[in-house]
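Following: one structure in structure tokens, then a few remarks.
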Amino acid sequence: MSLHDKTFLVTGAGSGIGRAVARQLFGAGARVVLVGRRAAALCETAEAAQDGQALVHPADIARPAAAARAVQAALECFGGMDGLVNNAGLARFGPLADADPSDLNAMLDVNLLGPVHLIRAALPPLRAGGGSVVNVSSVGGVLAMPDRAVYGASKAALNSLTRSLARELAPLVRVNAVLPGPVDTPMYDDLGLAPEQVARLRDDMVDSTPLGRFGTPEDIASWVCRLLDPEAAGWVTGALIPVDGGRTS
Ligand SMILES: NC(=O)c1ccc[n+]([C@@H]2O[C@H](COP(=O)([O-])OP(=O)(O)OC[C@H]3O[C@@H](n4cnc5c(N)ncnc54)[C@H](OP(=O)(O)O)[C@@H]3O)[C@@H](O)[C@H]2O)c1
């Protein structure tokens, strides 16, 4: 991979898919700015880095001002930025009628507006170096999913953002998205559902996945890294790639 000596900013890097992306980037010899709200989780991810490869930058990407500060931190520490992985996400499942309005707003803030502000803030360095953006979306952005309507809508909007910005920012910056199917991560511990509902959901997810298992964070991370890599994906932009065990086939 031609990720060696490149600099990437990864949100949600303290757990799940984001941690796996950061680890694969470290393994490829890249430098990574690790963004998320929990500093301790980010530090744990950074343990996989060699000296000088990781910058821990705790931040809440739901706050618009956080984006410019995170990009500034990357530039000050590493002198440039070659790619942005918008992976942080929030999922609150349940019928719309029962939803807490603040959860609905938070899903749009984290899943859509955070990426918007980060891409905007990162444009100067990404344009300077011919960089790329990978958005971690969801199959929920293309499937009809009762009890997950606003989560799905936030990911559908992220898909739309990906395709439009791919054209708007070409030819200097590539913009792609990976659409995971069910992946075994801490996301399932924090859906706002009762434990028995989560257990039923997990069973349903596997039953509706042709390859018959949950994905691993590494299954998703390898596609994220491939899309970041100009040697592997230099002629790919505006792609929405399902990595979902066949769930959307
Ligand atoms: N797991 C799945 O089945 C699945 C399926 C499809 C798509 N996805 C998507 O994959 C992405 C990664 O999720 P995951 O499955 O790896 O779950 P996860 O382990 O819960 O990761 C979500 C990450 O987002 C970070 N985050 C949440 N709100 C944030 C905020 N306001 N500011 C900064 N960081 C924030 C969290 O860190 P802090 O709490 O420290 O902030 C956490 O590290 C998400 O976009 C999710 O929608 C997951």
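The values are calculated or read from the model by the stated rules, or taken from the named source; none is laboratory data. Just so it is clear, the structure is predicted and the values come from calculations on it, not from any experiment. Glycine gets a Cβ as well: all are built from the backbone with ideal geometry, and neighbour counts include every protein chain shown. SASA here: full protein model, heavy atoms, side chains in, ligands and nucleic acids out. Shrake-Rupley method; radii C 1.70, N 1.55, O 1.52, S 1.80 Å.
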* Asked: When the Karplus curve 6.51 cos²θ - 1.76 cosθ + 1.60 is applied with θ = phi - 60°, which whole-Hz ³J(HN,Hα) does each residue of region 197-213 get, with x for Gly and Pro?
  -> 5, 5, 4, 5, 4, 4, 5, 4, 4, 5, 4, 8, 10, x, 7, x, 7
* To do: Residues in region 1-40, backbone N under 11 Å from the label point at residue 218 (7 Å along the Cα-to-beta-carbon vector): list them, ranges by number please.
  => 24
* **With every protein chain in place, region 1-79: carbon and sulfur % of accessible area (1.4 Å)** => 48
* Among 79, 36, 129: highest mean-square fluctuation, GNM of the chain, C-alpha pairs under 10 Å -> 79
* Asked: Amide H to amide H, which residues 5 or more places from residue 56 or on other chains are under 5 Å from it, using H placed in the peptide plane?
  -> 34
* For residue 72 and residue 144 in the same chain, what is the full-extension length gain: residue separation times 0.36 nm, less their Cα-Cα distance, in nm? -> 22.1 nm
* Structure fact -> Across 169, 34, 112, the residue with the highest GNM fluctuation in the chain (Cα network, 10 Å cutoff) is 169
* Asked: Heavy-atom accessible area per residue, region 7-243, 1.4 Å probe: how many Å²?
  -> 45
* Asked: Where nothing but the Cβ of Lys and Arg (+1) and of Asp and Glu (-1) is charged, how large is the charge dipole of region 144-186 around its Cα centre, in debye to the nearest 20?
  -> 180
* Asked: Can you work out ³J(HN,Hα) from phi for every residue in region 81-95, in order, using Karplus 6.51 cos²θ - 1.76 cosθ + 1.60 and θ = phi - 60°, giving whole Hz and x for Gly and Pro?
  -> 8, 9, x, 10, 10, 8, 10, 4, x, 10, 10, 10, 9, x, x
* Structure fact -> Among 49, 110, 7, the residue whose Cα sits farthest towards the positive end of the charge dipole of region 1-136, when +1 is placed on the Cβ of each Lys and Arg and -1 on the Cβ of each Asp and Glu, is 7
* Top positive-direction residue, dipole computed over the chain with Cβ charges, set 119, 21, 36 -> 119
* Structure fact -> Taking only the alpha carbons of region 7-243, the radius of gyration and the largest Cα-Cα distance, Dmax, both in angstrom, are 16.8, 50
* Taking amide hydrogens as modeled 1.01 Å from N in the peptide plane, which residues meet the under 5 Å criterion relative to residue 215, leaving out close sequence neighbours? -> 183, 184
* **Point-charge dipole on Cβ atoms (K/R +1, D/E -1) for the chain, about Cα centre, debye to 20** => 700
* Non-local amide H neighbours of residue 84 (under 5 Å, H modeled in plane, Pro and chain starts lacking H): which ones? -> 9, 132, 133, 134
* Putting +1 on Lys and Arg Cβ atoms and -1 on Asp and Glu Cβ atoms, find which of 164, 216, 87 reaches farthest to the positive end of the dipole of the chain. => 164
* Residue-wise HN-Hα coupling along region 147-155, computed from phi with Karplus coefficients 6.51, -1.76, 1.60 (Hz; x: Gly, Pro) -> 6, 9, 5, 6, 4, x, 5, 5, 7
* **region 80-162 - charge dipole about Cα centre, Lys and Arg +1 at Cβ, Asp and Glu -1, debye rounded to 20** => 300
* To do: Find how much the distance from residue 239 to residue 199 grows on full extension, using 0.36 nm per residue of separation minus their present alpha carbon separation; answer in nm with one decimal.
  => 11.1 nm
* Asked: Label points 7 Å out from Cα along the Cβ direction at residue 51 and residue 168: separation in nm?
  -> 4.3
